[in-house]
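Visitor: Dumping the structure here so I can ask a few things about it.
The values are calculated or read from the model by the stated rules, or taken from the named source; none is laboratory data. Not measured: the values here are computed from a predicted model. For neighbour counting, all protein chains shown are included, and Cβ atoms are generated from backbone atoms with ideal geometry for every residue, glycine included. These area figures cover heavy atoms from the full protein model, side chains too; ligands, DNA and RNA do not enter into them. Shrake-Rupley method; radii C 1.70, N 1.55, O 1.52, S 1.80 Å.
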Amino acid sequence: MNYVEHIGKYFVMLKQVFTKPQRARVFREALFREIDELGLKSLGIIAFISFFIGGVIALQTALNLESPFIPKSLIGFAAKRSIILEFAPTFCSIILAGKVGSYITSSIGTMRVTEQIDALEVMGINSLNYLVLPKIIATVFFYPFLVVLGMFLGIFGGWVAGVLSGLFSGIDFITGVQMDFDPFLLTYAIIKTLVFAFLIATVPSYHGYYVKGGSLEVGKASTQSVVWTIVVIVIANYFLTQMLLT
Amino acid sequence: MIEVNNLHKGFSGVEILKGITTSFQPGETSLIIGQSGSGKTVFLKSLIGLHAPEKGSIIYDGRVNTEMTIEDKRHFRQELGMVFQGSALFDSLTVEENVMFPLKMFTKQPVDEMLDRVNFVLKRVNLENSNKKFPAELSGGMQKRVAIARAIVMNPKYLFCDEPNSGLDPQTSIVIDNLIQEITDEYKITTVINTHDMNSVMEIGDKIVFLKNGVKAWEGSHKEIFKTDNEAVVNFVYSSNLFKKVRQAYLNDV
Ligand SMILES: Nc1ncnc2c1ncn2[C@@H]1O[C@H](COP(=O)(O)OP(=O)(O)OP(=O)(O)O)[C@@H](O)[C@H]1O
Ligand SMILES: [Mg+2]
């Protein structure tokens, strides 16, 4: 199959995903399971990475702005902007694509090759709706919180790095962070996150749902799906940035 | 009753089922036998609507498959139970949740009523005290029994089983066969089973359909299968010396 066919099939899949759930009760249960599986279980890794990358961003900025003519507060300002604009939404999404994407593909793919999806269909259940919609809702609602958490911890990491390394003072950093705050940047970051969250739920689902073969193919599909999710995120990031910021 | 008329099904130009005509009665256990690759699974999946036939029709108690709307099909599917070759239990749900799943999806009963029903069918398949276990914690035979419980929990009119006793020991195999036959008789279900198991063939088949290269080569009851001199059937069913002797003994008896 060529790319155009895959893209077409992906949209046909979405059409079946977005139908009314057959049973609200069952849908709710699935949703809570997915929020736990895709969201809460990613808190740790996002917190950990944000904190350290935030520190590295602040250090790098400090090292590159070493000039007596540049006020130290600019470090905090620049670090804040990179964290809010790119690091938190894009970098965190790429990490989530790796962690959550492979999980989604392998779990749906396993259901496919062990005929669990056929079992759903035979019961008269719209399997795409049942399996994929809760994942989309879970990621789209939860990932903005994860990303905002990533922002806070990233900035906090920057502050800690400054204090520990002595390259800039905590006060200067905070002054910089508070300087010239533009709420649109936050809106922009959230819009990006919503799009990425949607992609993280749907692209791996597509790869898992249409897998053919056995467990070997499920493994291959997981790898493929992570690669494709990241590629699509990077492309979407480019166009969103162009659309929203220029 | 299920009537199958001139059913054709192929994949990318290769014809697998080449015009099959037969029928299955309620309260009867019908068996589909045939060599590996003869199209048994394709036939069963066509019967439950997972494959769309290219030609021919399947009539379920007067309802013609080609004339059913999506709504009709959904409704029809709630009337059927299917036991897949590999059980196809939902990994992430416990035994109890697996069996309760169709009830949750399609009935509005309160939870304790559903639990009663679940416990009833689990008892029916002799599987008590495993309610909270996950499929991965069960043996193959137990998984099969859970799959049967899940298939019958909605009181189906039609029951389909793809090799329900492959990979089971002879004793469990017989237990499962008898179970299916009892349920079929008790609830007047129209039951169709794919099998490789010659014990089942000689014991439980009210009707046996022998598929060869995608066509129906023979059909009859498990009593008739001892007497037939259809060469293909005899070669297939009595390929082992043991079964040859069984047949001879049966023929000497009557
Ligand atoms: N989805 C499919 N796409 C293409 N070919 C298929 C498909 N399903 C089955 N076939 C082909 O149809 C033929 C019959 O397969 P089927 O699974 O029905 O055999 P079977 O009688 O059930 O065999 P076994 O006893 O080994 O389970 C095989 O040649 C198989 O390759
Ligand atoms: Mg088969």
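Visitor: Restricting to segment A:167-223, and then to whatever is charged (D, E, K, R) and not in a loop (DSSP other than H, G, I, E, B), can you tell me which residue is farthest from the chain's Cα centre (by Cα)?
Guide: A:ASP172
Visitor: Taking B:GLN171, is it surrounded by 20 or more Cβ atoms within 10 Å (Cβ to Cβ) and either within 16 Å of ligand 1 (Cβ to nearest atom) or over 25 Å from B:PHE76 (Cα atoms) (or both)?
Guide: no
Visitor: Scan segment B:87-113 residue by residue and report those that are of a type in the set (Asp, Glu) and either within 18 Å of A:PRO21 (Cβ to Cβ) or assigned to a loop (DSSP other than H, G, I, E, B) (or both).
Guide: So in segment B:87-113, the residues of a type in the set (Asp, Glu) come out as B:91, B:96-97, B:112-113.
Scanning segment B:87-113 gives B:ASP91, B:GLU97.
Visitor: Follow-up. From the list B:GLY39, B:GLY49, which one is away from ligand 2 (no atom under 16 Å from the Cβ), within 20 Å of B:THR195 (Cα to Cα) and of a type outside the set (Val, Ile, Thr)?
Guide: None of the others qualify; the one that does is B:GLY49.
Visitor: On to the next question. Scan segment A:196-210 and give yes if some residue there is without any contact (Cβ under 8 Å) to a residue 12 or more places away in the chain and open to solvent by 20 Å² or more (accessible area, probe 1.4 Å), otherwise no.
Guide: Restricting attention to segment A:196-210, the residues satisfying the condition of being without any contact (Cβ under 8 Å) to a residue 12 or more places away in the chain are none.
No: zero hits.
Visitor: Could you identify the single residue in B:VAL99, B:VAL111 that is more than 16 Å from ligand 1 (Cβ to nearest atom) and open to solvent by 30 Å² or more (accessible area, probe 1.4 Å)?
Guide: B:VAL111
Visitor: I'd like the full set of residues that are open to solvent by 20 Å² or more (accessible area, probe 1.4 Å) and either hydroxyl-bearing (Ser, Thr, Tyr) or at the interface with chain B (Cβ under 9 Å from one of its Cβ atoms) (or both), limited to segment A:127-145.
Guide: Within segment A:127-145, just A:TYR130 meets the criteria.
Visitor: What pairs come up if the first residue lies in segment B:173-197 and is in a strand (DSSP E or B), the second is of a type in the set (Val, Ile, Thr) and within 16 Å of ligand 2 (Cβ to nearest atom), and their beta carbons are under 6 Å apart, counting only those six or more places apart or on different chains?
Guide: Short answer, once both residue conditions are applied: B:ASN194/B:ILE32.
Visitor: If you take just the strands (runs of 3 or more DSSP E) that sit entirely in segment B:1-78, which of them hold at least 3 residues that are within 16 Å of ligand 1 (Cβ to nearest atom)? Steps first, please.
Guide: On the way: elements: B:2-11, B:14-24, B:29-34, B:55-60.
Hits in segment B:1-78: B:2-11, B:14-24, B:29-34.
Visitor: From the list A:SER106, A:SER165, A:SER169, exactly one residue is at pLDDT 95 or above and either buried (at least 20 other Cβ atoms within 10 Å of the Cβ) or away from every other protein chain (no Cβ under 14 Å) (or both). Which is it?
Guide: Values: A:SER165 fails: at pLDDT 95 or above; A:SER169 fails: at pLDDT 95 or above.
Being at pLDDT 95 or above and either buried (at least 20 other Cβ atoms within 10 Å of the Cβ) or away from every other protein chain (no Cβ under 14 Å) (or both) holds for just one of A:SER106, A:SER165, A:SER169, which is A:SER106.
Visitor: Continuing with the same structure: Open to solvent by 50 Å² or more (accessible area, probe 1.4 Å), away from chain B (no Cβ under 14 Å) and closer than 29 Å to A:ILE155 by Cα: is that true of A:LYS9 in this structure?
Guide: Judged against the criteria, A:LYS9 is not a match.
Visitor: Can you tell me which of B:VAL201, B:VAL209, B:VAL192, B:VAL233 is within 16 Å of ligand 1 (Cβ to nearest atom) and within 14 Å of chain A (Cβ to nearest Cβ)?
Guide: When all the criteria are applied, what remains is B:VAL192.
Visitor: Show the residue pairs that are 6+ apart or on different chains and have beta-carbon atoms under 9 Å apart, the first residue being within segment B:98-114 and at the interface with chain A (Cβ under 10 Å from one of its Cβ atoms), the second being crowded, with 19+ Cβ neighbours inside 10 Å and aromatic (Phe, Trp, Tyr).
Guide: Hits for this filter: B:MET105/A:TYR130.
Visitor: All but one of (1) open to solvent by less than 40 Å² (accessible area, probe 1.4 Å); (2) away from ligand 2 (no atom under 16 Å from the Cβ) hold for B:ILE32; state the number of the condition that does not hold.
Guide: Only one criterion in (1) open to solvent by less than 40 Å² (accessible area, probe 1.4 Å); (2) away from ligand 2 (no atom under 16 Å from the Cβ) is unmet by B:ILE32, namely (2).
Visitor: Need pairs with beta-carbon distance below 8 Å; first residue of a type in the set (Asp, Glu) and within segment B:26-50, second open to solvent by less than 10 Å² (accessible area, probe 1.4 Å); sequence gap 6+ or separate chains.
Guide: Close Cβ pairs (under 8 Å, with a partner that is open to solvent by less than 10 Å² (accessible area, probe 1.4 Å)) amount to B:GLU28/B:THR184; B:GLU28/B:THR190; B:GLU28/B:THR191.
Visitor: I've got another one for you. Within segment B:1-29, count every residue that is away from ligand 2 (no atom under 15 Å from the Cβ), among the β-branched types (Val, Ile, Thr) and surrounded by 15 or more Cβ atoms within 10 Å (Cβ to Cβ).
Guide: Residues that pass the stated criteria total 5.
Visitor: Next question. Could you list, in sequence order, all residues of segment B:198-211 that are in contact with a Ser or Thr (Cβ under 6 Å, 6 or more places away or on another chain) and either at pLDDT 90 or above or part of a strand (DSSP E or B) (or both)? Outline the logic, then answer.
Guide: Pass one, segment B:198-211, residues in contact with a Ser or Thr (Cβ under 6 Å, 6 or more places away or on another chain): B:204, B:206-207, B:209, B:211.
Those that are in contact with a Ser or Thr (Cβ under 6 Å, 6 or more places away or on another chain) and either at pLDDT 90 or above or part of a strand (DSSP E or B) (or both): B:ASP206, B:LYS207, B:VAL209, B:LEU211.
Visitor: Right, another one. How many residues does segment B:132-168 contain that are under 17 Å from A:ASP118 (Cα atoms) and within 16 Å of ligand 1 (Cβ to nearest atom)?
Guide: The qualifying residues number 6.
Visitor: What do you reckon, is B:LEU179 crowded, with 20+ Cβ neighbours inside 10 Å and either modelled with pLDDT of 90 or more or out of contact with any Phe, Trp or Tyr (no Cβ under 6 Å at 6 or more places or on another chain) (or both)?
Guide: Working: crowded, with 20+ Cβ neighbours inside 10 Å: no; either modelled with pLDDT of 90 or more or out of contact with any Phe, Trp or Tyr (no Cβ under 6 Å at 6 or more places or on another chain) (or both): yes.
No; evaluated as a whole, the condition is false for this residue.
Visitor: Here's something else I'd like to know. Looking at (1) assigned to a helix (DSSP H, G or I); (2) more than 16 Å from the chain's Cα centre (by Cα), which one does A:PRO144 not meet, given that it meets all the others?
Guide: Failing condition for A:PRO144: (2).
Visitor: Mind checking which residues of segment B:79-93 are open to solvent by less than 20 Å² (accessible area, probe 1.4 Å) and either within 16 Å of ligand 1 (Cβ to nearest atom) or without any contact (Cβ under 8 Å) to a residue 60 or more places away in the chain (or both)?
Guide: Correct list: B:MET82, B:VAL83, B:PHE84, B:SER87, B:ALA88, B:PHE90, B:LEU93.
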